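Derivation of every value follows stated rules applied to the coordinates shown; laboratory data play no part. Just so it is clear, the model here is predicted, and its values are computed rather than measured. Heads up, the Cβs are rebuilt from the backbone with ideal geometry, glycines too, and the neighbour counts pull from every protein chain shown.
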């Protein structure tokens, strides 16, 4: 993505999508960004419903309403999450975002300490293919997709050389992969084939150490919802014409879109209970498009436009030394093919 951006001097995702697929690609990208963000928000509401009511019901049994999944989710959503989504810029939530990240070690240690205790009660075969490998690929795509923020992260660096980008992107990728795999391995080895998509759902409600992790997860998710909501709202405002290159939404437009979208996501989050299905469906369709298809097509469109029968871009003389690399050529083709397969199978299984 960054190599393609340096060659074309287009450092934003929608512009590269338009280069790869024309105006259709621009609108398709915004749609997939919306679906991806919507999936994140709905999954966050499901996680809130899986954690906060469990804790309130356990520690405040004299108030049975606090254990009601729908009531607590709506209450938290309206009075805590919704106000955080009213700002125009996500920068206003930077401190809350840092606090949410700091809660991650608490969750990890809670799982590390308690999960092995339950391992003898579950069977975990090491050499077995799951029932839905395509769905699993969609879930992994959903978990790891980050191409939509690649350019914003790159442009925020003081040192924008390729060596610096390789270092920062490599470290962040290894760290996120390691944490995810750590949770996955511990979860499977401890709970085997009974493991839930939300690992905290596998623990009994009265495990106090795990409940510290549950509380951390609930608070972290509450503070993370806006991080997914803002891109979704931006995509909608661009698709309906409220936001253009030379125009910003009015206050009425801004608050109207915010309220309608938030209500829609909240209703979905309350009615849908299966976290795995959300991950699989959204990951297989939107995440595959964002993580594999568009990056691969963008690279091909910029470095090998004849392959797609696209017109060649006007490249400045300073950037003509940024040429295609053979292994990136191969990788781009594999990305497009793999993404198309996962996306197609997911769509067929869903509909």
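Residues 279, 255 in ascending order of nearby Cβ atoms (within 10 Å, fewest first): 255, 279.
Helix 326-350 axis versus longest C-alpha principal axis of the chain: approximately 50°, rounded to the nearest ten.
The mean sequence distance of close C-alpha pairs (under 8 Å, at least 6 residues apart), as a share of the length of the chain, puts its relative contact order at 36 percent. Only Cα pairs under 8 Å and 6+ residues apart enter the sum, and on that basis the relative contact order of segment 48-160 stands at 12 percent.
Here the simple spin-label model places points 7 Å from the Cα toward Cβ, and for residue 79 and residue 248 these points are separated by 3.2 nm. Working note: Cα atoms of segment 1-58, range along each principal axis, descending, whole Å: 57, 23, 9.
Working from label points 7 Å from Cα in the Cα-to-Cβ sense, the residue 183 to residue 349 distance is 2.0 nm.
Segment 81-135 and segment 274-308 have Cα centres lying 24 Å from one another.
Were the residues from residue 68 through residue 157 laid out at 0.36 nm apart, the gain over their Cα-Cα distance would be 27.5 nm. Oblate is the label for segment 181-226. Its Cα gyration tensor axes, ordered a ≥ b ≥ c, give a/c of at least 1.5 and b/c at or above a/b. Annotation for segment 1-29 versus segment 139-207: alpha-carbon center distance of 25 Å. Summarising the overall dimensions of segment 219-351 from its C-alpha atoms, the Rg and Dmax are 19.5, 55 angstrom.
Divided by 2.2 N^0.38 Å, where N counts the residues, the Cα radius of gyration of the chain comes to 1.06. Spatial offset of segment 258-272 relative to segment 323-351 amounts to 31 Å, using the alpha carbon center of each.
As an exercise, use a Förster radius of 30 Å and the Cβ-Cβ distance of residue 9 and residue 272 to find the FRET efficiency, rounded to the nearest 0.05. Efficiency, rounded to the nearest 0.05: 0.10.
Each label was represented as a point 7 Å from its Cα along the Cα-to-Cβ direction; for residue 208 and residue 308 these points are 5.9 nm apart. Exposure proxy for 203, 99, 183: other Cβ atoms within 10 Å of each Cβ, ordered fewest to most, give 99, 183, 203.
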